[in-house]
2 protein chains.
Amino acid sequence: MDDRCVSPLAYDNRPIGVFDSGLGGLTVARSIATSLSHESIYYVGDTKRCPYGPRSENEVRTFALQAGRWLEAHDVKIIVIACNTATAAALTVAQQTLDVPVIGVIAPGARAAINTTRTRKVGVLATELTVRSGAYTRAIQSLDAGVDVYGCPAPSFVNIVERELATGAHLQERWLEDGDIFDTPEIRSEVARTLSPIADTEVDTVVLGCTHFPLLAGPIRHALGTGVRVVSSAEETTRELKDILHRRGQLAAADVEPQHRFATTSDNIAEFAAAGSFIFGQPLKSIVHVDLGELEEMYRR
Amino acid sequence: MDDRCVSPLAYDNRPIGVFDSGLGGLTVARSIATSLSHESIYYVGDTKRCPYGPRSENEVRTFALQAGRWLEAHDVKIIVIACNTATAAALTVAQQTLDVPVIGVIAPGARAAINTTRTRKVGVLATELTVRSGAYTRAIQSLDAGVDVYGCPAPSFVNIVERELATGAHLQERWLEDGDIFDTPEIRSEVARTLSPIADTEVDTVVLGCTHFPLLAGPIRHALGTGVRVVSSAEETTRELKDILHRRGQLAAADVEPQHRFATTSDNIAEFAAAGSFIFGQPLKSIVHVDLGELEEMYRR
């Protein structure tokens with residue numbers, strides 16, 4: 001029976017691959033780096049082809065498989081699709097196609113929302129596309145068919161974050177701390193306007209279904225009040241990852257100094273570094289440019 | 001916004017409802033009583049109509065809803081369907097119909113199996129019916145579409161347990177400890193024969209997909225060897241329950257002495273008490289008989 005035994009390694013120091021269409025997934029990477037402090041991360045942001053929202057499902061699948069193969073070639077132990085659009089479109093095919101295991105950000109957030117709600121009414125804050133895809137509703141109702149899901153599209157939230165990143169990150173030259181600089185009176189009222197439809201429901205739990213939204217956690221919590229619990233897909237995905245690595249005996253050894261690496265398809269590495277360091281909460285020291293041609297060679301439809 | 005706030009209770013001393021077609025669910029109740037030591041349990045075993053296996057899905061749904069309504073009427077805070085057959089047939093409708101939240105035993109076991117496997121090949125040990133229902137395969141592949149599931153029907157395992165219960169429980173007059181009395185050379189070879197098809201696969205993780213099977217954990221582990229991890233649905237359901245009660249602020253207060261109560265549709269309470277105490281690991285002190293007529297009044301198709 002020995003030949004089919006899993007290697008009894010108690011640790012695995014290979015990096016965790018994290019993939020996003022751009023910078024948003026760095027909220028997930030940040031959460032991983034904070035909670036799993038010995039793990040190394042290899043992050044790929046497909047900034048040049050960002051945003052994925054307006055693209056076809058097929059295109060997003062191809063891009064995700066390209067990045068997945070690229071991360072596999074860089075010997076990651078697991079891949080996290082740190083993007084709600086890409087998870088909705090490409091998680092299943094990535095799991096079926098890639099050799100390395102792949103997780104997304106939707107299932108962990110959905111499970112946490114169900115386990116949190118007492119009114120059994122859950123709000124999902126996401127881009128219009130993610131709301132329309134119904135991916136959260138399916139994930140939530142497959143675990144509890146009695147939970148009502150209120151999709152709340154918040155397209156302006158990504159714009160707010162992008163706008164603040166374009167100014168804040170460069171001007172202030174510091175890392176984001178607890179989303180504080182994104183919590184101004186103007187942003188508060190902008191966010192509150194978008195969230196007002198939720199006030200008319202019995203929703204007591206809201207999932208942040210877009211990787212940009214943890215950056216607006218302050219104004220979102222303020223708008224929803226203390227009666228509504230906010231579930232971050234980023235944090236829940238990190239919890240799931242921790243459970244997985246723990247159960248598989250694949251956590252990095254405790255004496256390992258993590259080495260985070262970043263790759264972007266953007267031509268402007270300085271811009272990626274500035275906004276990225278801001279979101280990641282520490283300087284992105286090791287950034288490489290990946291040519292789209294190189295990615296395309298990894299996987300063709 | 002206050003009127004839609006969830007009550008900020010930090011604890012909830014109402015019992016956890018646990019429902020099974022008979023005695024098997026007491027392995028789940030036992031796991032709950034062990035891990036959540038302040039929680040009170042109200043257990044309903046529909047022994048008179050056991051086993052559910054040969055019944056139609058509609059019938060099992062009706063029985064589950066009857067028991068669910070009965071538990072609701074006894075003011076439980078959550079219901080656990082501690083039976084794989086009933087979870088496969090009735091969880092969704094119970095979640096849609098009952099006012100109290102309901103969880104089953106399949107999703108927690110499926111998630112744990114995915115998070116454990118490194119070969120991405122998972123075995124499911126269950127009754128023929130549960131294997132045929134495909135419920136585990138669906139639950140596993142909805143979370144990881146790249147995991148292969150090997151259903152291993154083990155109909156004889158329930159017979160072994162029932163046979164041992166019929167003798168062991170009465171003769172030995174002691175509670176089960178670590179499944180030891182079910183771990184004889186004869187049982188070992190009987191179990192090994194059933195599990196031999198799994199040896200030809202790369203399965204590294206096996207879910208016990210029947211509530212009777214934790215009683216055979218010893219011989220099962222022996223047959224599978226150290227290269228295969230055994231996931232108990234009972235233990236994983238308890239973990240999920242803990243996460244739910246913790247997130248909802250519904251754990252019982254730490255100064256509460258739990259009061260476990262048991263109800264059975266069997267006419268022979270002494271028999272239920274003997275075998276039941278043996279499985280539960282402590283004497284079933286408070287047992288009531290529930291008339292089928294009373295259950296039928298709770299819910300009609």
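The values are calculated or read from the model by the stated rules, or taken from the named source; none is laboratory data. Keep in mind the model is a prediction, meaning the values are calculated, not measured. Cβ placement follows ideal geometry from the backbone for every residue including glycine, while neighbour counts extend to all protein chains displayed. The accessibility values were calculated without ligands, DNA or RNA, using every heavy atom of the protein model including side chains. Shrake-Rupley method; radii C 1.70, N 1.55, O 1.52, S 1.80 Å.
Descending by average beta-carbon neighbour count within 10 Å, the peptides A:279-287, B:37-45, B:281-289 line up as B:37-45, A:279-287, B:281-289, the highest first. Rounded to two decimals, the Cα-based Rg/Rh of the range B:145-301, with Kirkwood Rh, is 1.02. D for the range A:107-233, whole µm²/s, Stokes-Einstein with Kirkwood Rh over alpha-carbon pairs at 25 °C and 0.890 mPa s: what number? Translational diffusion coefficient: 166 µm²/s. Cβ-Cβ distance of B:Ser189 and B:His38, R₀ of 60 Å, FRET efficiency by 1/(1 + (r/R0)^6): the value works out to about 0.90.
With both labels modelled 7 Å from their Cα along Cα-to-Cβ, the B:Ala253 to A:Thr226 distance reads 2.1 nm. As a ratio to 2.2 N^0.38 Å, the alpha-carbon radius of gyration for the range A:179-225 is 1.09. For chain B, a Kirkwood hydrodynamic radius built from all Cα pairs, placed in the Stokes-Einstein relation at 37 °C and 0.692 mPa s, yields a translational diffusion coefficient of 168 µm²/s.
For B:Ala166, the distances from its label point to the matching points in the remaining copies are 7.8 nm, ordered from shortest, with each point set 7 Å beyond Cα toward Cβ. Note on the protein assembly as shown: Kirkwood hydrodynamic radius from all Cα pairs is 25.5 Å, rounded to one decimal.
The range A:131-158 and the range B:211-269 have Cα centres lying 31 Å from one another. The calculated Kirkwood hydrodynamic radius for the range A:1-92 is 14.2 Å, given to one decimal from all distinct C-alpha pairs. Counting only other chain Cβ atoms within 10 Å of each residue's Cβ, the peptide B:87-98 averages 2. Think of the axis that spins chain B onto A; the B residue whose C-beta lies nearest it, and the distance in whole Å, is B:Ser142, 3. The same position B:Met298 in the other copies lies at 5.4 nm from this copy, comparing label points 7 Å beyond Cα toward the beta-carbon, shortest first. Cross-link pairs exceeding 22 Å between alpha carbons, from the set B:Lys48/B:Lys285; A:Lys242/B:Lys77; A:Lys77/A:Lys242; B:Lys77/B:Lys242; A:Lys48/A:Lys242: A:Lys242/B:Lys77; A:Lys48/A:Lys242. For the range A:50-115 versus the range A:182-203, the inter-centroid distance based on Cα atoms is 30 Å. Ascending distances from the A:Gln282 label point to its copies in the other chains, with the point 7 Å along the Cα-to-beta-carbon line: 4.6 nm. Nonpolar atom fraction for chain A, defined as the carbon and sulfur part of the 1.4 Å probe accessible area, stands at 48 percent.
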